[in-house]
Amino acid sequence: MRVPDSQRLGDVGEGWKVSLTTLMNERLAIGQGAGVDYSELLKLARDTDLENGPAIKDSNVREKLADWYVQTQGLKYTKFRTLTALSKGQVPGAESSIGKIVSGPKMQDLASFAMDMQGQGGIMQDVEESPMAGAFQNQWIGAAGYRIAGGTDEILRNIVSEQVLGLPQDIRVDKTVPFNELASSKKS
């Protein structure tokens, strides 16, 4: 099937570049995360009593809060770096991949920790009955999808290792072979 020039994005032969740009934008959107974050967890820690007293005074809780605060700030400034590149008409590098690698697991881990802190209330998902309207429970369930959308954690780690750290690529004997010439793409 031929695509008319009026429907083509970019120049002939640059379809992969268009696809990568689309993926970078998706990763940027996903990498920003959504839902509850450090500030909501801090509020929960201030409002929750554990067996040994207020959660905010527990050293393990404070350590986790500090870790997630640092991750939140790192994500914020990485996003600014990407937006700066875009505002200058540049194509961002692997920053979007880094943001997504950090934010997906962070969303899941933070929600899991909050649910543990809520005790028995952490198993409830009902928005009217559960603590904080089930925000942490809903995030924990939805975060798994964030770790897949826009490229799995493993794919993005490969991108960062190759494009940011300069590590050698995986060996691919078919890298220079067009898709329509691959043995698996030929019709029988």
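For beta carbons closer than 9 Å, sequence separation of 6+ or different chains, a first residue in region 33-55 that is closer than 12 Å to A111 by Cα and a second that is not in a helix (DSSP H, G or I), the qualifying pairs are L44/V36; L44/Q118.
For residues in region 2-52 being in a loop (DSSP other than H, G, I, E, B) and among the aliphatic types (A, V, I, L, M), which is modelled with the lowest pLDDT?
From region 2-52, those in a loop (DSSP other than H, G, I, E, B) are 2-4, 8-14, 32-37, 48, 51-52; that's our starting set.
Still in the list and also among the aliphatic types (A, V, I, L, M): 3, 9, 12, 34, 36.
Working: V3: 77, L9: 77, V12: 83, A34: 67, V36: 85.
Out of the qualifying residues, it is A34.
Considering only residues that are exposed (fewer than 11 other Cβ atoms within 10 Å of the Cβ) and not in a helix (DSSP H, G or I), look in region 54-90 and name the one that is modelled with the lowest pLDDT. Only one residue tops the list, namely Q90. Scanning region 160-185 for residues that are closer than 16 Å to I98 by Cα and among the polar types (S, T, N, Q) returns S161, Q163. Look at region 170-188: where a residue is within 22 Å of N158 (Cα to Cα) and a partner is modelled with pLDDT under 85 and assigned to a loop (DSSP other than H, G, I, E, B), sitting 6+ places away or on another chain with Cβ atoms under 9 Å, you get D174/L182. Determine, yes or no, whether G119 is in contact with a strand residue (DSSP E or B) (Cβ under 9 Å, 6 or more places away or on another chain) and without any contact (Cβ under 8 Å) to a residue 60 or more places away in the chain. In short, yes. For region 102-120, the criterion of being charged (D, E, K, R) and surrounded by fewer than 17 Cβ atoms within 10 Å (Cβ to Cβ) is met by at least one residue.
Might you check whether a residue that is of a type in the set (G, A, S) and closer than 17 Å to L23 by Cα occurs anywhere in region 158-169? So far as region 158-169 goes, no, none of its residues is of a type in the set (G, A, S) and closer than 17 Å to L23 by Cα. Assess whether Q139 counts as being under 30 Å from N52 (Cβ atoms), touching a residue at least 40 places away in the same chain (Cβ under 8 Å) and touching a Phe, Trp or Tyr at 6+ places or on another chain (Cβ under 8 Å). So Q139 fails the test.
Of everything listed in (1) of a type in the set (G, A, S); (2) over 27 Å from K43 (Cα atoms); (3) surrounded by 13 or more Cβ atoms within 10 Å (Cβ to Cβ), the single unmet condition for S130 is (2).
Can you confirm whether W68 is closer than 28 Å to N138 by Cβ and of a type in the set (F, W, Y)?
When the stated conditions are applied, W68 passes them.
The values are calculated or read from the model by the stated rules, or taken from the named source; none is laboratory data. All of these numbers come straight from a predicted model, not from anything done at the bench. So basically every Cβ, Gly included, is an ideal-geometry build from the backbone, and we count neighbours across all protein chains shown.
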